[in-house]
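> I have a structure I would like to understand better, so I am pasting it below and will then ask my questions one at a time.
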Amino acid sequence: MTTESQRFTVLLVPEYVENKDTASAQDVAVRSAVVEATGETGETGYPRYAGDGIVADIDPRTRTVEALLVDGAELDYGLSALVAS
């Protein structure tokens, strides 16, 4: 049995936002997506999640986005990806 989460909400937020707690991140997110486990492991060694045009390698223990593609492309400069609570 796995204890890894099977679903996360990924928020794309401007990097310049101060105090990136989850509440403020949700308010300023330019895009969000619910991603689900694909059963694959990404190149980073972490589980791969996909959904709504986003493919992400996420460390389920720390809830850190380790790699990300948005609509098949790398994340634009000035944006960062966070996992919502």
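> With Cβ to Cβ distances under 14 Å as the rule, what net charge do the other residues near GLY45 carry (K, R +1; D, E -1)?
With Lys, Arg at +1 and Asp, Glu at -1, the neighbours total -4.
> Let me ask another. Which residues' amide hydrogens lie under 5 Å from the amide hydrogen of LEU68, considering only partners 5 or more residues apart or on another chain, with H built in the peptide plane?
Those lying under 5 Å, H to H, from LEU68 are ASP57.
> Oh, and also: Taking 0.36 nm per intervening residue step and subtracting the Cα-Cα distance, what contour gain separates LEU69 from ARG7 on full extension?
Here the segment from LEU69 to ARG7 would lengthen by 20.6 nm.
> Tell me, in nm to one decimal, what length is gained between SER24 and ASP52 on full extension, where the rule is 0.36 nm per residue of separation less the Cα-Cα distance?
Extra length available between SER24 and ASP52 comes to 7.9 nm.
> Next question, about the same structure. Per residue, what volume in Å³ does the Cα convex hull of the chain take up?
Cα convex hull per residue, to the nearest whole number: 90 Å³.
> For segment 7-83, build the charge dipole from Cβ charges (+1 Lys, Arg; -1 Asp, Glu) around the Cα centre, then report which of GLY78, PRO14, ALA56 sits farthest towards its positive end.
So the residue we want is ALA56.
Throughout, read-outs are computed from the coordinates displayed, never taken from laboratory work. Not measured: the values here are computed from a predicted model. No Cβ is skipped: glycine too gets one built from the backbone with ideal geometry, and neighbour counts run over all protein chains shown.
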